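Structure first, commentary second.
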Amino acid sequence: MGLEKVYEYVGMNRDAFLEQLFVLLRQPSISAQNFGVAECKDLLVDIIKGIGMSVEVIQTKGHPVIYAEQISSPEKNTVLFYGHYDVQPPDPLEEWISPPFEPAIRDGKIFARGVGDNKGQLMAQVLAVKSFLDVHGELPVNVRFVFEGEEETGSPNIASFVAAHKEKLKTDLVYTSDGPLDASGTPMVLLGVRGILYVELTAYGAKWDNHSGNKGGIVPNPAWTLVDLLGTMRDKDGSVLIEGFYDDVQEPDEQILALIKALPFDKEGIRETVGYDAFDMDSETYYRKLTLDPTFNIAGFTSGYGGEGPKTIIPHKATLKADFRLVVNQDPNDIYEKFLAHVKKHAPEVEVKNLGSMQPSRTSPDLDVVKVVAEAVRDAYGTEPIIQPSLGGSLPDYVWTKILRVPSIIVPYANADENNHSPNENLEIDKFLNGIRCTCSVLAALGEKE
């Protein structure tokens, strides 16, 4: 099944493909607020049925999973494409140049909430299958889709879904397109993700806010309670002081170190992409910190008065949200227990909530399928892809590698400055079309794999 005619078809249907993407983008699907998710699910089901695949909507305890398949022959290899149709809230709305759910094109980019994360990349997979079917009438491999509606709230039900449907989901490879390309624009093949643990701490003082002068020195300040607690959790060099935090961190072997040493590095480009002019790391330190080392991050701290001008109060409540990014062999449940023990030791009056977690995941670079996918990506883009041991962020990749027990590879299609989770999220039109072509190349290559 030649790719040349498929690529021609993609080019000829550029505008039609964009409009199909816009249908999804116009529909809000904010899982955190349960806003528009069901309607978006219905739209995506119709799109997938329209390309000729059989589709099921499978209920979970939360938002449903869309499962679709096109099984040509039991003799063929099978690939399962994973993606998510839910999106982040668009706030703050005032920072958007155009409305978040009214897709707009500026300077060769599509601007809309969810265009990069993950509707544009998900649709690249769907439209690649459509292109192959329309041109050749069949696919070179068996294809399954698993598109969930809860990834932006931590995928709380995807693990139970996979565990309950192992036979239905049988595959040789799971292929995900999510996240941004390298800042250089070079295509990437990612072999895993960091895990995550998200927690919330709440400290209380008096029953209400008090005057910081009239009651100063006699009423406790819960903000200081949390600040003092944080000081016991991290040293000035950034090392986490929670007992046992690093116990299961796996030291990278020479093969993994060789992969990160070969990755491209553009210090100025990184400064521009992250908006931090003082960034100053060497290449190996940067990639180790981004992919191989765990982190402890304060995501939000709320207490007292934050409006214009002064207000002299002792707040009655302080809340902290924090996330840990975890690496291979770290278990978020184990880290949570160690975190609880630390809080109990240093500030037992502080309330702790576990807001969600995902395990880390890794696929071996030695597998033949990794080489096949890397070659297909190279052929699609005309350049050697970056092979990176892990994504810095988190996806529920572990459900494939640890529950389904199959290789899982992530190939991002979005531009490095996609602004996912931020105002003015965007996806370059060329990156969207290249994503369709890349998926086609991967389908063809897997069809030839013995």
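Some observations on this one:
- Residue list for the stretch 342-400, filter: part of a helix (DSSP H, G or I) and not assigned by TED's automatic domain parsing to the domain that holds TYR82: HIS342, VAL343, LYS344, LYS345, HIS346
- Residue within the stretch 137-157 that is assigned to a helix (DSSP H, G or I), of a type outside the set (Asp, Glu), within 23 Å of the chain's Cα centre (by Cα) and surrounded by fewer than 23 Cβ atoms within 10 Å (Cβ to Cβ) present: yes
- The stretch 89-122, residues that are part of a loop (DSSP other than H, G, I, E, B) and buried (at least 17 other Cβ atoms within 10 Å of the Cβ): PRO90, TRP96, PRO100, PHE101, PRO103, ALA112, ARG113, GLY114
- Members of the stretch 223-277 found to be closer than 30 Å to ALA206 by Cβ and among the small types (Gly, Ala, Ser), listed by number: ALA223, GLY231
- Here the stretch 388-428 is the region considered, the condition is being modelled with pLDDT of 95 or more and of a type in the set (Asp, Glu), and the residue that is surrounded by the fewest Cβ atoms within 10 Å (Cβ to Cβ) is GLU428.
- Options GLU448, GLU418: the member that is touching a Gly at 6+ places or on another chain (Cβ under 7 Å) and acidic (Asp, Glu): GLU418
- Residue count, the stretch 339-364 (criterion: in contact with a strand residue (DSSP E or B) (Cβ under 6 Å, 6 or more places away or on another chain), basic (Lys, Arg) and surrounded by fewer than 20 Cβ atoms within 10 Å (Cβ to Cβ)): 1
- Flag if ASP86 is free of Cβ contacts under 8 Å to residues at least 40 places away in the same chain and either surrounded by 13 or more Cβ atoms within 10 Å (Cβ to Cβ) or not hydrophobic (A, V, I, L, M, F, W, C) (or both): no
The values are calculated or read from the model by the stated rules, or taken from the named source; none is laboratory data. Keep in mind that this is a model prediction, so the values were computed, not measured. Virtual Cβ from ideal backbone geometry, glycine too; neighbours counted across all protein chains shown.
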